[in-house]
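The values are calculated or read from the model by the stated rules, or taken from the named source; none is laboratory data. What you see is a predicted model, and the numbers here were worked out from it, not measured in a lab. For accessibility, only protein heavy atoms count, side chains too; no ligands or nucleic acids. Shrake-Rupley method; radii C 1.70, N 1.55, O 1.52, S 1.80 Å.
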Amino acid sequence: MVEVAVPTRVHITPFLSVSSYLPICRKIVVTKVARKISGVVASSSSTFSTSSGFGSKQKVDDGQVLLPKKTSKKRVFFLDVNPLCYEGSKPSLQSFAHWVSLFFNQVSLSDPVIAVVDGERGSEHRRQLLPSYKAHRWKFLRQFSKGHVGRSHGVITNVLRKCNVPEIWEGVDTLKQVIKIEGHEADDVIATLVGQVLQSGYRVVIASPDKDFKQLLSEDVQLVIPLEELERWSFYTLKHYMAQYNCDPCCDLSLRCIVGDQADGVPGIQHLAPGFGQKTALKLIKKHGSLENLLKTAAVRTVGRQYAQDALTKHADYLRRNYEILSLRRDVDIRLREEWLVKRDTSNDSRTLSNFFKFLEETQKFSHYNVSVSNG
């Protein structure tokens, strides 16, 4: 079951889009106040350019950001909510407050935002194929639906609503709009809606730390990733991917099927074929174009060293299972609505987020008080 939330209106100078995979040319000064952050660009007087999305450039001189020329296509953001609700592996409302505040104030600006939240059941099909698939995440998600964090669910939806991101939470009859999507993850809902948004003539930005979305990268689809070490969001584009891997993002899924995805609990082939690492996998995938082409070729002739050849022929079904698990579905039964593409009204942001931080401070003080009383 998947829960989707969505918008209506957002403008602030875009924050510098320094990728986590590229050298950082500026010093970022971060000031933290009750989990609120204001990033300040500071340093020398040299001028440099940095990608701000979809081929446009921002020039920075003496800390001043010069806005790029507007492109013809407007942006639509997808906000992958669940990963933002964790600090490490621990459910955390503070983490959600921190990242969503930065997102609204420095990233999405006045663009439409479609927020998507996993349902409790997620993808049963994937877990049937591989019980370890996101096992840790579902464990914490069950905690998220109970007790203190479960009560926080309503707090999250309230913040999104007040920031004019209208919710579409399936299975909740008390809300105005209800969509029921059994056995699907937020990732699949986003992948499905991305195609529909592109067909409507928009560009797409997916806000998530989940690297599964790299398989969707294109000229009109990019990611914006929360970087804990810098405490800010960073854009990740098609150019960044090609600079990092020297191949097209269409190879990303095939590559991860071989090397595995630790975050999703999907093991690679290394434990079956020691030495078959990312370097070998990338070389073979680039040469043959896809995992399926590689497996078909390996079935009729030698494609590499003996350990690689043996692994590809003996464990072809294992690799195809990984492909089915890691591949994002794009056929979820959900249709894009025109009202989701309207600019988000930001007039309530400041008050809503300020009240949210105050609520978290009061809740934390109350928790500490209860702990002190129980220990006393």
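At 1.4 Å probe radius, can you tell me the per residue accessible area of the range 249-326 in Å²?
Normalised by residue count, the accessible surface of the range 249-326 is 49 Å².
With a 1.4 Å probe and all protein chains left in place, how much of the accessible area of the range 259-322 comes from carbon and sulfur atoms, in whole percent?
Roughly 52 percent, rounded to a whole number.
When only Cα pairs under 8 Å and 6 or more residues apart are kept, what is the percent relative contact order across the range 249-326?
It rounds to 35 percent for the range 249-326.
Quick one: which of Lys134/Lys279; Lys214/Lys286; Lys73/Lys358; Lys134/Lys343; Lys73/Lys287; Lys134/Lys287 span more than 28 angstrom between C-alpha atoms?
Pairs exceeding the cut-off: Lys73/Lys358; Lys134/Lys343; Lys73/Lys287; Lys134/Lys287.
Please give the contour-minus-distance gain from Glu229 to His125: 0.36 nm per residue of separation, less the Cα-Cα distance, rounded to one decimal in nm.
34.0 nm
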